[in-house]
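The values are calculated or read from the model by the stated rules, or taken from the named source; none is laboratory data. A quick note: this is a predicted structure, and the numbers were derived from the prediction, not measured. Cβ sites come from the backbone with ideal geometry, for glycine too, and all protein chains shown count toward neighbours. Protein only, heavy atoms only, side chains kept; ligands, DNA and RNA dropped before computing areas. Shrake-Rupley method; radii C 1.70, N 1.55, O 1.52, S 1.80 Å.
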Amino acid sequence: MRLTTKGRFAVTAMIDLALRQGNGPVTLSGISQRQAISLSYLEQLFGKLRRHEIVESVRGPGGGYSLARSADKVTVADIIIAVDEPIDATQCGGKENCHGADAASGTRCMTHELWATLNAKMVDFLDSVTLQDLVDQQKQKEQNVVVMHRHAPSENTEAKHIGVN
């Protein structure tokens, strides 16, 4: 099971939007440049996010996108589900016919319950992480980088390690 580009890009773009929305609507071209995501791909993703009422669009000069609700009310699961990203590790896509295309004659594989349980745990986890959590993590990373640059060690001093991963 792996998250596809669609889900990763949607979450990345939403973090970018949430970090910058305090200054008004955020343009997709800006997100595209900062995150190296195709503008046409972002347009598709944000169309889906808008239809799921996760973002709002503002037309005209100075237009762009903003969050439709606060970042602490948007979960990673909301974002991934909005862009039609399946959260499913089963071979059958949850149809319980792992050994055949016809649901009537197909049977579940021996590990179906394992993967179905993993699906539930993944959804629970992604539903527990808010966009605000990711924004806070990003701000903390950026703050640590700034601190490291400000305290760059000179030749005669010992380097101080700051918890940046």
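Residues that are open to solvent by 50 Å² or more (accessible area, probe 1.4 Å), closer than 30 Å to Leu17 by Cα and modelled with pLDDT of 75 or more within the stretch 83-117 comprise just one, Asp84. The residues of the stretch 118-165 that are open to solvent by less than 70 Å² (accessible area, probe 1.4 Å), modelled with pLDDT of 90 or more and not hydrophobic (A, V, I, L, M, F, W, C), listed by number, are Thr130, Gln132, Asp133, Gln138. Residue pairs whose Cβ atoms lie under 6 Å apart, separated by 6 or more positions or on different chains, with the first residue in the stretch 48-69 and on the phi > 0 side of the Ramachandran plot and the second modelled with pLDDT of 95 or more and assigned to a loop (DSSP other than H, G, I, E, B), are Glu53/Ala68; Gly64/Pro25; Gly64/Thr27.
Among the conditions (1) under 30 Å from Asp124 (Cβ atoms); (2) crowded, with 20+ Cβ neighbours inside 10 Å; (3) of a type in the set (A, V, I, L, M, F, W, C); (4) in contact with a Phe, Trp or Tyr (Cβ under 9 Å, 6 or more places away or on another chain), Ile79 misses just one, which is (4).
Checking Leu39, Leu49 one by one, the residue that is within 22 Å of Thr130 (Cα to Cα), at pLDDT 95 or above and among the hydrophobic types (A, V, I, L, M, F, W, C) is Leu49 and no other.
Each residue in the stretch 4-26 was checked for being in a loop (DSSP other than H, G, I, E, B) and surrounded by 18 or more Cβ atoms within 10 Å (Cβ to Cβ), and 1 pass.
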